[in-house]
Amino acid sequence: MTSQTLREARKYEETAEKRIGKEERPRFHLSVRTGWMNDPNGFSYYGGKYHLFYQYYPYDSHWNSMHWGHAVSDDLLHWEYLPAAMAPDEVYDGDGCFSGSALTLPDGRQLLMYTGVRKVMDEDGMYRELQTQCLATGDGMDYEKYAQNPVLTQADLPEGGSRYDFRDPKIWQKEDGTYRCVAGNCSGDGDGQILLFESPDGFHWSFEKILAKNGNRFGRMWECPDFFTLDGKGVLLTSPQDMFPQGYEYHNGNGTLCLIGSYDPETDTFTEEHDQSIDYGIDFYASQTMLTPDGRRVMIGWMQNWDTSNQHHPDSTWQGQMTLPRELSVRNGRLYQKPLRELEAMRRNRVEYRDVTVEDVIRLDGIRGREIDMELEIAPAEGGELYRKFAVRFAQNETYRTSLSFHPAESILKVDRKYSGSRRAIIHQRRSQVRSGDGRLKLRIILDQYSVEAFVNDGEQVLTALLYTDPAVDGISFFADGKVKMNVVKYDLI
Ligand code: FRU
């Protein structure tokens, strides 16, 4: 039965979406139907379509009481909105339906698992958000909350686990047919930990173990965990709050963390071997993955940073979009990301230049655009002398530009959107250490109206950033201090 709250949201979004012109939105990244969007939720394949839900407040372009927005797609690039899937309409989730995930039950229904939030008065008289894990089942359009909600409460927490920081269940089915979910939690002193729960049927849950502990290494609370095996390794993705930078890692305050290690499925034991950021740009958080029917592990993230997400203009009718879906792999103990291969079907108007010498500033005929897929290979020009700097500037005219610049001596790649049209003194640049011994670097740059995603060295690292420039500003130029030899291939994405 659809509640009044959900009916209102569904009615509202249908009208409000009409106020947003198609040209105001990205073309192949999912943006919010209307109002506010944060984390991707319930990323799944169900009933012959990809489903993506999201943290959603339809009525305003700022975060507020969380609903679940819903969209479906055949290729993960072109999305169709469906009516909002859930609203905060029960006692246990009246202050928000927070992040969660989805899977298909043996009986054909889709199961959603999410965090129900309810404000309660604590012993000290302060209001705090009590967080429990809840379920809903549905047919890909309409969902019914489970009568026995919540299914995981403070009673299921290990000793010292906080009932106020207990959220974002990511569910999966093991090979033996039983179910698992990971959820973020804080131990008594505010330190993050990832809890693992088990269930025979997806409905009856119990605590199994603490899968990973922060130990105050990477920020504090760990949000939005995801755990899976890939290329023979266990991979834990999470978004820690309040991180300290460490060298060139973890510069985003509320950032991202990928832990790679060994995993023993018999005992569900994860042993860490390596840590890194998931994304090295400015705007990426709360990633979630799914397995495609052909077995690819695909990740999507919220293309935002919490510290700046509320800095947009008060007039804007929508705020929030997702990143490009990315195919993951583990190589040499690191996480690799590649743009979803379906993107290649959108490539048109190939323009290619080989062995171009870049000295000072150059522009190339046919190389421009704001919905493009562009591959660059750079190396020192003949003679082999190391250049001092290379830059590619895009979304450029006399007033505006956003750039990726590379300093080979330090092997530092920088994204800079200072001149992209933002009127706010927020962070506009991010530096990242990339792998390049001899001034060689590969970049694949995807632009879609208001964003850049730069994949470095075939996906070894990714830098993601929003830009604010009017999409009509579509110039591209190349710059070198010293002499660079460059190959470039560019496609429009249509
Ligand atoms: C992460 C997060 C989640 C929570 C949701 C609320 O961005 O804080 O932990 O479930 O957003 O909207």
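We did not get these values from a lab; they are worked out from the coordinates using the rules stated. This structure is a prediction, so every number in the text was calculated from the model and none was measured. No Cβ is skipped: glycine too gets one built from the backbone with ideal geometry, and neighbour counts run over all protein chains shown.
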Checklist entry - On full extension of the chain, what length is gained from residue 399 through residue 460, given 0.36 nm per residue of separation minus the C-alpha to C-alpha distance? => result 18.7 nm
Checklist entry - Based on the Cα gyration tensor of region 69-169, what are the three equivalent ellipsoid semi-axes, each the root of five times an eigenvalue, rounded to whole Å and given largest first? => result 28, 15, 12
Checklist entry - On full extension of the chain, what length is gained from residue 429 through residue 331, given 0.36 nm per residue of separation minus the C-alpha to C-alpha distance? => result 32.5 nm
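Sort 117, 361 so the one with the fewest other Cβ atoms within 10 Å of its own Cβ comes first.
361, 117
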Item to check | Three semi-axes of the equivalent ellipsoid, region 343-493, Cα gyration tensor, whole Å, largest first | outcome: 22, 18, 15
Next on the checklist: Rounded, prolate or oblate, given the Cα gyration tensor of region 1-107, with a/c below 1.5 counting as rounded?
Outcome noted: oblate
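Can you work out the FRET efficiency for the pair residue 470 and residue 494, with r the C-beta to C-beta distance and R0 = 25 Å, to the nearest 0.05? Walk me through the numbers before you get to the answer.
Values: r = 20 Å, r/R0 = 0.79.
After rounding to 0.05, the efficiency reads 0.80.
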Next on the checklist: Checking the a/c ratio against 1.5 first, then a/b against b/c, what shape does the Cα gyration tensor give for region 300-343?
Outcome noted: oblate
Checklist entry - Near residue 483, within a Cβ-to-Cβ distance under 13 Å, what is the net charge of the other residues, with Lys and Arg +1 and Asp and Glu -1? => result -3
Next on the checklist: For a test of the definition: using alpha carbon positions, the gyration tensor, and the 1.5 limit on a/c, classify region 353-392 as rounded, prolate or oblate.
Outcome noted: prolate
Checklist entry - Can you list the residues of region 459-494 with backbone N under 12 Å from a point 7 Å past the Cα of residue 22, pointing along Cα to Cβ? => result none
Checklist entry - Can you run phi through the Karplus equation (6.51, -1.76, 1.60; θ = phi - 60°) for region 447-463 and list ³J(HN,Hα) in whole Hz, with x for Gly and Pro? => result 10, 9, 6, 10, 8, 10, 10, 10, 9, 9, 6, 6, x, 5, 9, 9, 10
Checklist entry - Expressed as cubic angstrom per residue, what is the convex hull volume of the alpha carbon set of the chain? => result 144
Checklist entry - Among 49/490; 170/338; 389/485, which pairs are too far apart, with a Cα-Cα distance over 19 Å? => result 49/490; 170/338
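Can you say what percent of the DSSP beta bridges in the chain, counting only those with both residues inside, are antiparallel? Round to 5.
Bridges in the chain are about 100 percent antiparallel.
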Checklist entry - In debye to the nearest 20, how big a dipole does the chain give about its Cα centre with +1 on each Lys and Arg Cβ and -1 on each Asp and Glu Cβ? => result 1440
Checklist entry - Can you sort 18, 442 by how many other beta carbons sit within 10 Å, fewest first? => result 18, 442
Checklist entry - Separation between the residue 122 and residue 276 pseudo-spin-labels, each 7 Å from Cα along Cα→Cβ, expressed in nm? => result 3.8
Checklist outcome for this item: Asserting the computed 222 nm helical MRE of the chain (DSSP H runs at least 4 long, -39500 (n - 2.57) per run, divided by residue count, to nearest 500) equals -1000 deg cm²/dmol
Item to check | Near-label residues of region 149-166 by backbone N, under 19 Å of a point 7 Å along Cα→Cβ of residue 264 | outcome: none
